[in-house]
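I have placed the structure first, in the form of structure tokens, so that the comments after it can refer back to it.
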Amino acid sequence: MLHDFSYHRPETLEEALNFLAQHGPDTAVFSGGTDLFVVIRAGLVKPVHVLDLKGIAELRELKWSASEGLSIGACVTINELLEYPHVKKEFPILHTAGEELATFQLRNRATVIGNIVTASPCGDMSGPLYILGGDVVLQSASGERTLPMGKFITGVKQTIIQPDEIVTRIIVPPTWARAPGGYEKLKRIKGHDLGVVSVSMIKHKKAIRCAIGSAAPKPVLLPDFPADAAVEDIKSKAQEMISPIDDVRATAEYRTFMVGEFITRLMERI
């Protein structure tokens, strides 16, 4: 379905924020566009304006600091994340999840922040960022605010972003750097596909963290467990907190079973 809109490509963050201050409710913002243009073509959204962030140099910044952690700008693509040496070294779970996201060609366009802003329950980057304690930085013409990933996604395709705001970056603190762990994802086919259900897990110092995707309206972050926790305790808590549904990709029963299976596999690995 064709839809007419005006296209804008600001060169500075100030220009982008001033535009949203005036036209925010009528504007769709994108950095990669791998989701936006699909839903526009399908007629699911009909923006008056489309704002392209890729021309803003500061939003392409990807940097690591031992004291502050990893800062991922709004326009950093998944492939850029995978190629950055500090990611695989400091946060291997982000690297593993990134490799599971779509195809190489799509990863050249798709961005880390775009993946969480889409707020799909099966988003590959959300679970790892939940357990790593990622903070989302939002900015508008009137100021900046920061909040944890756990408060950013509010439901299926829903976030706390206001019409005049954009997510400028995500900060992953060094607290869980170099934590061993893994990312397990159930797919309908071999190769690249949307997640039917997924589990992210890391173990560091005296704690285990676990998050589950595609089993509730938004990613589920379990409470921290002690490093010597029994696998059955984690599985029991997971089943208590998830609320999977039956759909064309899997039944709720199968999703529940695979969450337990993935937790078992990850616990054996770490």
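The values are calculated or read from the model by the stated rules, or taken from the named source; none is laboratory data. The structure presented is a predicted model; accordingly, all values stated were derived computationally and were not measured. Backbone-built Cβ (ideal geometry, glycine too); neighbour counts: all protein chains shown.
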Inset, instruction - Could you look through region 252-270, keep only residues that are out of contact with any strand residue (DSSP E or B) (no Cβ under 7 Å at 6 or more places or on another chain) and closer than 15 Å to residue 196 by Cα, and pick out the one that is surrounded by the most Cβ atoms within 10 Å (Cβ to Cβ)? - result: 256
Inset, instruction - Report, ordered by the first and then the second residue, all pairs with beta carbons closer than 7 Å, sequence separation of six or more or different chains, a first member in region 234-257 that is part of a loop (DSSP other than H, G, I, E, B) and among the aliphatic types (A, V, I, L, M), and a second member that is modelled with pLDDT of 95 or more and surrounded by fewer than 16 Cβ atoms within 10 Å (Cβ to Cβ). - result: 245/252
Inset, instruction - Would you point out the residue of region 68-117, among those that are of a type in the set (S, T, N, Q), within 21 Å of residue 147 (Cβ to Cβ) and in contact with a helix residue (DSSP H, G or I) (Cβ under 9 Å, 6 or more places away or on another chain), that is surrounded by the most Cβ atoms within 10 Å (Cβ to Cβ)? - result: 111
Inset, instruction - Could you check, for region 250-269, whether at least one of its residues is farther than 23 Å from residue 203 by Cβ, β-branched (Val, Ile, Thr), modelled with pLDDT under 95 and in the same structural domain as residue 215 (by TED's automatic domain parsing)? - result: no
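So how many residues does region 187-215 have that are at pLDDT below 95 and either touching a His at 6+ places or on another chain (Cβ under 7 Å) or surrounded by fewer than 23 Cβ atoms within 10 Å (Cβ to Cβ) (or both)?
Step one: list which residues in region 187-215 are at pLDDT below 95, which gives 187-196, 204-206.
Checking which are either touching a His at 6+ places or on another chain (Cβ under 7 Å) or surrounded by fewer than 23 Cβ atoms within 10 Å (Cβ to Cβ) (or both) leaves us with 187-194, 196, 204-206.
Counting residues in region 187-215 that are at pLDDT below 95 and either touching a His at 6+ places or on another chain (Cβ under 7 Å) or surrounded by fewer than 23 Cβ atoms within 10 Å (Cβ to Cβ) (or both) gives 12.
Within region 217-233, work out how many residues are farther than 21 Å from residue 122 by Cβ and assigned to a loop (DSSP other than H, G, I, E, B).
Selection size over region 217-233: 6.
How many residues are over 29 Å from residue 101 (Cβ atoms) and either surrounded by 15 or more Cβ atoms within 10 Å (Cβ to Cβ) or free of Cβ contacts under 8 Å to residues at least 24 places away in the same chain (or both) when one looks only at region 20-45?
Restricting attention to region 20-45, the residues satisfying the condition of being over 29 Å from residue 101 (Cβ atoms) are 21-23, 25-26.
From what is left, the residues that are either surrounded by 15 or more Cβ atoms within 10 Å (Cβ to Cβ) or free of Cβ contacts under 8 Å to residues at least 24 places away in the same chain (or both) are 22-23, 26.
The number of residues fulfilling the criteria is 3.
Taking the condition of being assigned to a strand (DSSP E or B) and either over 21 Å from residue 122 (Cα atoms) or not hydroxyl-bearing (Ser, Thr, Tyr) (or both), how many residues in region 154-184 meet it? Give the steps one after another, and end with the answer.
Let us first name the residues in region 154-184 that are assigned to a strand (DSSP E or B), namely 154-155, 158-159, 166-172, 181-184.
Next, from what is left, pick out any that are either over 21 Å from residue 122 (Cα atoms) or not hydroxyl-bearing (Ser, Thr, Tyr) (or both): 155, 158, 166-172, 181-182, 184.
Going through region 154-184 one residue at a time, the tally reaches 12.
Residues in region 120-136 that are modelled with pLDDT of 95 or more and either surrounded by 24 or more Cβ atoms within 10 Å (Cβ to Cβ) or among the aliphatic types (A, V, I, L, M) (or both): how many?
From region 120-136, those modelled with pLDDT of 95 or more are 124-136; that's our starting set.
From the residues that got through so far, the ones that are either surrounded by 24 or more Cβ atoms within 10 Å (Cβ to Cβ) or among the aliphatic types (A, V, I, L, M) (or both) too are 124-132, 134, 136.
The qualifying residues number 11.
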